[in-house]
Amino acid sequence: MSSPNPTPLDLTLDGGALTARLVDFPSVSGDEQALADAVEVALRGHPHLTVDRYGNNVVARTDLGRAERVVLAGHLDTVPIADNLPSYVEGDLLYGCGTSDMKSGVAVALRLAATLTEPNRDLTYVFYDCEEVEAHRNGLGHLARDRPAWLAADFAVLMEPSEATVEGGCQGTLRAQVRLTGVRAHSARSWLGDNAIHRAAEALTRLATYEPRRVEIDGLEYREGLNAVRIDGGVAGNVIPDECVITVNFRFAPDRSEADAEKHVREVFDGFELTVTDFAPGALPGLSQPAAKAFLAATGGRARAKFGWTDVARFSALGIPAVNYGPGDPNFAHKRDEHCSLAAIAETEDRLRAWLTS
Ligand SMILES: [Zn+2]
């Protein structure tokens, strides 16, 4: 898609106005090139930044020789537009696709990039593509794989929507299939068969009576969950089924490794045939790190656990503690009436600026 907004991005606009400009620059996943071009051009206009580009990922950094380096990161793409462009303002709220998730966060990072010429920590700004689609297309994943040196840092802030509250780490997720088998037979002579669907009852009972763990890590409480998310079984209306498959999803706190999580699920389903089909590790909040402590103090000291899986886990996999902190409201992400508070955009920028200049 060619840019409908050929005028360059003006990074001196206030955060709300810059968010509106970014939102009116459609960039559905796979169509980020025009926006990435505009971001790159805008950042190259600032001599205190070194700017690199890889695909539709733009990375800008200061090199002041500071003791710590911090990443501020945001994805440029949005989910498909739902008749919610162009953006408009109503009271304190800016409406439009991407206002919350996460062009408001990108706008704050761009404003800081343009204006913080002498930050107290070296900064790396990362703007990447294809976060809202399959993991193998994720631009941050491509940078981690092909340009890991560009991401080197002591701490990372991912500016995903979090209502201007620090959300530490993220939970891991594991999917597995529990397979029950039996003997197929005509349902008129069911005694000749062994019903695999009936055998699911015990596995489901284990799930229904499962008591999920709660655990505190760096002062944040994580709540785990183990649930059936799908069940498949049955052959025909007159056949005793010989197979039933229950798909379970385990959302686990980030103090568990992949091996721990799998071991736990296997213990719960001891005696059943179980295959792990999908796995994504969690990320520790890292709030005990010095850079994170100062960040938490500057952002008002409010922090909560992140329950979903986010790209902070990609930083964690590189050994970089990371948190989510952005002005958007996650409850309105991906919705037709997606919006973001203009006051939250200003507050997020003020707090980050205070942390990076005090
Ligand atoms: Zn997002």
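How large a share of the accessible area of the chain, in percent, is made up of carbon and sulfur atoms when the probe is 1.4 Å and the other protein chains stay in place? The computed percentage sits at 50.
Accessible surface computed residue by residue for the range 244-358, with neighbouring protein chains in place and a 1.4 Å probe, gives 42 Å² per residue.
The residues of the range 137-213 present an accessible area of 45 Å² per residue when probed at 1.4 Å with all protein chains retained. For Val28, the residues whose modelled amide H falls within less than 5 Å of its own, excluding neighbours fewer than 5 places apart on the same chain, are Thr78.
For the chain, the membrane-span-like helices by this rule, meaning whole DSSP H stretches whose C-alpha atoms cover at least 20 Å of axis and whose Kyte-Doolittle mean is -0.5 or above, are 342-357; this says nothing about an actual membrane.
Mean projected area of the Cα convex hull of the range 244-304, taken over all directions, amounts to 5.6 nm². Each helix, a run of at least 4 DSSP H residues, gives -39500 (n - 2.57); summed and divided by the residues of the chain, these come to -8000 deg cm²/dmol at 222 nm.
The three principal axes of the C-alpha atoms in the range 98-178 carry coordinate ranges of 56, 31, 22 Å, sorted with the longest axis first.
With contacts taken as Cα pairs under 8 Å at a separation of at least 6 residues, the range 217-353 carries a relative contact order of 20 percent. Annotation: the range 1-124 has a Kirkwood hydrodynamic radius of 14.9 angstrom, from the mean reciprocal C-alpha pair distance. Using every Cα-Cα pair within the chain, state what percent have a distance larger than 39 Å. It works out to 25 percent of all Cα pairs.
Normalised by the number of residues in the range 204-251, the average gap of Cα pairs under 8 Å and 6 or more apart makes the relative contact order 32 percent. For the chain, the tally of Lys pairs with Cα-Cα distances below 22 Å comes to 4, considering only residues 8 or more apart or on different chains.
Simple point charges give the picture: +1 on the Cβ of Lys and Arg, -1 on the Cβ of Asp and Glu, and for the chain a dipole about the Cα centre of about 640 debye.
Ranking Ala60, Ala36, Leu76 by Cα position along the charge dipole of the range 1-132, where only Lys, Arg, Asp and Glu carry charges on their C-beta atoms, puts Ala60 farthest toward the positive end. Set against the 2.2 N^0.38 Å expectation for a compact globular protein, the range 207-345 has a Cα radius of gyration ratio of 1.36.
Only Cα pairs under 8 Å and 6+ residues apart enter the sum, and on that basis the relative contact order of the chain stands at 23 percent.
Rounded to the nearest 5, what % of DSSP beta bridges with both residues in the range 59-155 are antiparallel? If I count the DSSP bridges inside the range 59-155, around 45 percent turn out antiparallel. The C-alpha radius of gyration of the range 261-336, expressed as a fraction of 2.2 N^0.38 Å, stands at 1.47. Summarising the overall dimensions of the range 114-246 from its C-alpha atoms, the Rg and Dmax are 24.5, 82 angstrom. If the viscosity is 1.567 mPa s and the temperature 4 °C, what translational diffusion coefficient in µm²/s does Stokes-Einstein give for the range 55-140 when Rh comes from Kirkwood over Cα pairs? Rounded, D is 90 µm²/s.
Here the label points at Lys263 and Val89, each 7 Å from Cα along the C-beta direction, are separated by 5.6 nm in the simple model.
The values are calculated or read from the model by the stated rules, or taken from the named source; none is laboratory data. Source: prediction; values computed, not measured. Reconstructed Cβ throughout: ideal geometry from the backbone, glycine too, with neighbour counts over all protein chains shown. For accessibility, only protein heavy atoms count, side chains too; no ligands or nucleic acids. Shrake-Rupley method; radii C 1.70, N 1.55, O 1.52, S 1.80 Å.
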